[in-house]
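Below are the structure tokens for one structure; questions will follow.
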Amino acid sequence: MFFKIKVFIVLLFFSCVVLSAEAQEDFSAIAEKTLNETWARIIKHNFEDKSANEKWQNIYKEARPGILKSRNSNELVRSINIMIAKFGQSHIQLMPPVSRKVKKAISLQLKTRSDKASLSVDVQKNVSGKAEKAKSEPMRGKAAGIGLRTCMADDKLCVLNVVPDSPAASAGVKMGDIIHSIHGFKFDLSKYTDLPWDMMADGMLTGNYGTRVSLELADPKGELQKRSLDRKAVQGSWIRFGAMPKISGIVEYEILKGNIGYIYMTPCFPQQIIQMHKIITDKLKNCKGLIIDLRNNPGGMITMAQGMAGWLSDKELDMGKMKTRNCPLQLKSYPQESAYIGPLAVIVNGGTFSTAEVFAAGMQDNKRAKIFGETTGGKCLPSVFFVLSTGYRLQTVFGDFIRINGERIEEKGVKPDVPVMSKHKDLLSGIDTVRETARKWLDK
Amino acid sequence: MFGKSNLMVFVCLLFVGNIVSGMDDNAVNVLLAKIKKADDPEGVKATIKTQIQKVETIFSGQKISTITIDKFPNKTRIDVNMPGVMTSTTCYNGKTAWEISPATGVREIKGKELDSIKLDMVRRIPSVNQRDVFEKIVVADKLETIGEFKCYKMTCTPKKEFNSTTPIVLYYDKEKLLLRKMNIVVDSKMGPMKMELTLEDYKKVNKMWVSMLSTIDQMGMKLKVKVLEYKINVKVDDSIFEKPKSK
């Protein structure tokens, strides 16, 4: 009986993020218990024995008195996450027991964004302003956006594309418009230039169907315009996976000039891989080449990297190793007879993380695809979620990915074969610079 | 040539060797016969041709339901469902095994992973004799404590035909002779993975003692697995163990 379930443990890895909090009584006891369990779990599961690691011990000892002074859940989560950030490993974070209202998260962020670590942990996802009652009952609770995606172009947070007939399109939002704020959260890009602002903005634009997003945009003339748009561009059901905060999935496709297929997808969960495969089979199988766009893809289940690779190559690809404290695990693709075997380009950026990075690295190392865009985020440690006895949720690391050339992805990221960045001038002309570069390569 | 540290290791190995040299073969055979009767006092296992077991686990807040259908001696199918996330089926028809998932397609299971399934299948045949599976069974003299039980520690090396040299360690409690713990290395699709299985809450089902709750410890992470249903000798068609059509 035991045999059957073993495979599922290794499936439970992703990147993702997020926050929340509720006040508690007798908080000092809760804070101490949560900290003790957090520390014990992190040490127990890490792929390297950190129990005697001087740097980690010192960070913990130094942070402990301050953490124990936390007066409420917000302070506790924030202070523990600041300590965790100092360990220098991605995919470790503490989350409160119950998701708090997004508005609270944003306002907290506005008050306390003095620390980069807490910012990166806190702002992602879960966003949004006042929830409006969904007018269309069947859509209630579905994940939806306003029909636009963002990108960084020339150090500006820009609109990358606008879905036809979406709320954004109806409101006259255009490619190349510059986003200044979402829900009053001003994107001060001069600070923390290495943060994936576009990924965070995409997350903030997503919420429950029918809820409202307020944003400030500058049009090509530089005129600032305030928009308040309902989220009615349906992205499908929320992905709920155990203790992980919910996340929305998007899979879009297009046939570009020169009969080049294009798929944008995020994140890497089974639903997205199934959709990707179906789109390729039904719509794009005769395309001359295919682009898989993984920009701002936070990752997902690790086996989905192997699954994706299997739909895109009929040969078994060695995708590297996952180092754990007990044993190294091999990552190989699951080649499928019906795989797309035409020329392939993969687009990545600084918001491409985790499973999406493993996939990109595997495609690059096996020379199955050419990688376009920017170096990926380099946050690529397999992790697992635990619910602590106090109800707080801990995501912690138990492995490390090693590419077939022996290099780590963590911290380094995956470097593109063709480095190319979005250009604001191109966006204003309706051109996605990165996608167009990949398209031209495939069209040759 | 023989440094102090080497000598120490050598002496320690001798010492350990003495401890685990254990019972002679006859005594082991007597113990095995008692163990066989312990969970099956009425000899039901010899009549089992098929079995269906439904189990459920919650890991990291995620519910995972598993249905295992066995048709002895050599067919098995495992359907795993993580509601709202994914489904996966593994089937073995006595010769070939496949893993099928809508997200990752169809994968034929080969090599050591297939050997591991074959060994698991044979080992789980209800009426099987341990001696038919393992070429060497060593019972340690010293009892080990597993939870509240004093247990025999039985180190079992599979026969060569199973292409596995890694022993399986079984712990049977001295009083009731029920299996309380198992240590095993499973050859998964990602390579060998150590696992520890602890069994508890034995209840009489179909006149046999069946563990209704077990804990799997893998890479330091624990899963509690609860048995929801256990049926025997249900009619099962052979076709469910065959490779599904590739989509």
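Values quoted throughout were computed directly from the atomic coordinates according to the rules given, and no laboratory measurement underlies them. Keep in mind that what you see is a predicted model, and the values were worked out from it rather than measured. Using ideal geometry, Cβ is built from the backbone for each residue, glycine included, and neighbour counts are taken over all protein chains shown.
Please give the calculated 222 nm ellipticity per residue for chain B, where each DSSP H segment of at least 4 residues contributes -39500 (n - 2.57) and the sum is spread over every residue; nearest 500 deg cm²/dmol?
That comes out to -6000 deg cm²/dmol.
For chain A, with equal point scatterers placed on the C-alpha atoms only and solvent neglected, what are the log10 I(q)/I(0) values from the Debye formula at q = 0.12 1/Å, to two decimals?
-1.02
What angle, in degrees between 0 and 90 and rounded to the nearest 10, separates the Cα long axis of helix B:4-20 from the longest principal axis of the Cα atoms of chain B?
70 degrees
Here's a follow-up. Projected onto the charge dipole of chain B (+1 at Lys/Arg Cβ, -1 at Asp/Glu Cβ, origin at the Cα centre), which of B:L197, B:I168, B:V236 gives the Cα projection farthest towards the positive end?
Of B:L197, B:I168, B:V236, it is B:V236.
Further question on the same structure: Size of the dipole of chain B about the Cα centre, Lys and Arg at +1 and Asp and Glu at -1 on the beta carbon, nothing else charged, in debye to 20?
320 debye
Relative contact order for region A:169-233 using alpha-carbon pairs under 8 Å, separation at least 6, rounded to a whole percent?
37 percent
Could I ask something else about it? Which ³J(HN,Hα) values, rounded to whole Hz and listed in residue order, are derived for region B:155-168 from phi using the Karplus coefficients 6.51, -1.76 and 1.60 in 6.51 cos²θ - 1.76 cosθ + 1.60 with θ = phi - 60°, glycine and proline given as x?
Values, residue by residue: 9, 10, 9, x, 5, 4, 4, 8, 6, 10, 9, 7, x, 9 Hz.
Using θ = phi - 60° and the Karplus relation 6.51 cos²θ - 1.76 cosθ + 1.60, list the HN-Hα couplings for region B:209-220 in order, rounded to whole Hz, with x at every Gly or Pro.
Result, ordered by residue: 8, 10, 6, 8, 9, 9, 10, 9, 10, 9, 6, x Hz.
Quick check on chain A: of the DSSP beta bridges with both residues there, what percent are antiparallel, nearest 5%?
That works out to approximately 75 percent antiparallel.
Quick one: 3J(HN,Hα) in Hz for region A:233-247, Karplus 6.51/-1.76/1.60 with θ = phi - 60°, rounded, Gly and Pro as x.
8, 5, 10, x, 6, 5, 8, 10, 9, x, 7, 5, x, 5, 8
So what's the back-of-envelope 222 nm ellipticity for chain A, counting only DSSP H runs of four-plus at -39500 (n - 2.57) apiece and dividing by all residues, rounded to 500?
-9000 deg cm²/dmol
Shifting gears a bit: Relative to the Cα centre, what is the charge dipole magnitude of region A:137-236, using +1 at the beta carbon of each Lys and Arg, -1 at the beta carbon of each Asp and Glu, and rounding to the nearest 20 debye?
340 debye
Hey, if you put +1 on the Cβ of every Lys and Arg and -1 on every Asp and Glu Cβ in the protein assembly as shown, which of B:Y92, A:I404, A:G88 ends up farthest toward the positive end of that dipole?
Farthest along the dipole direction, towards plus: B:Y92.
Could you tell me which residue out of A:G203, A:S190, A:S214 lies farthest along the dipole of chain A toward its positive end? Charges go on the beta carbon: Lys and Arg +1, Asp and Glu -1, centred on the Cα centre.
Ranked along the dipole, the leading option is A:S214.
Still on this model: Of the peptides B:120-129, B:58-67, how do they stack up when ordered by the mean number of other Cβ atoms within 10 Å, highest first?
Per-residue Cβ counts within 10 Å, averaged per peptide and sorted highest first, yield B:58-67, B:120-129.
Peptide B:109-120: average number of partner chain Cβ atoms within 10 Å per residue?
Partner-chain Cβ atoms within 10 Å, mean over residues of B:109-120: 1.
Whose amide H sits under 5 Å from the amide H of A:D293, counting only residues 5 or more places off or on another chain, with H placed in the peptide plane?
Amide H neighbours of A:D293: A:I263, A:Y264, A:M265, A:I347.
Ok, one more. How large is the charge dipole for chain A, taken about the Cα centre, if only the Cβ atoms of Lys, Arg (+1) and Asp, Glu (-1) carry charge, to the nearest 20 debye?
Approximately 580 debye in magnitude.
Obtain the nm distance between the two label points defined at A:D318 and A:S190 by a simple spin-label model: each point lies 7 Å from its Cα along the Cα-to-C-beta direction.
Rounded to a tenth, the inter-label distance reads 5.0 nm.
Would you pull out the residues with amide H under 5 Å of A:E410's amide H, same chain only if 5 or more places away, H placed 1.01 Å from N?
Answer set, sorted by chain and number: A:C380, A:F401.
Calculate the spin-label point distance for A:I255 paired with A:K425, positioning each point 7 Å from the Cα along the beta-carbon direction, and give it in nanometres.
3.3 nm
Moving to a separate point now. Only Cα pairs within less than 10 Å get springs; with that Gaussian network setup on chain A, which residue of A:G88, A:G413, A:G377 has the largest fluctuation?
Answer for the Gaussian network model of chain A: A:G88.
How do A:44-51, A:232-239, A:432-439, A:198-205 rank on mean C-beta neighbours within 10 Å, highest first?
In decreasing order of mean packing, A:44-51, A:232-239, A:432-439, A:198-205 become A:198-205, A:432-439, A:232-239, A:44-51.
Moving on. Non-local amide H neighbours of A:L157 (under 5 Å, H modeled in plane, Pro and chain starts lacking H): which ones?
Amide H to amide H, under 5 Å and 5 or more residues apart or across chains, A:L157 pairs with A:I179.
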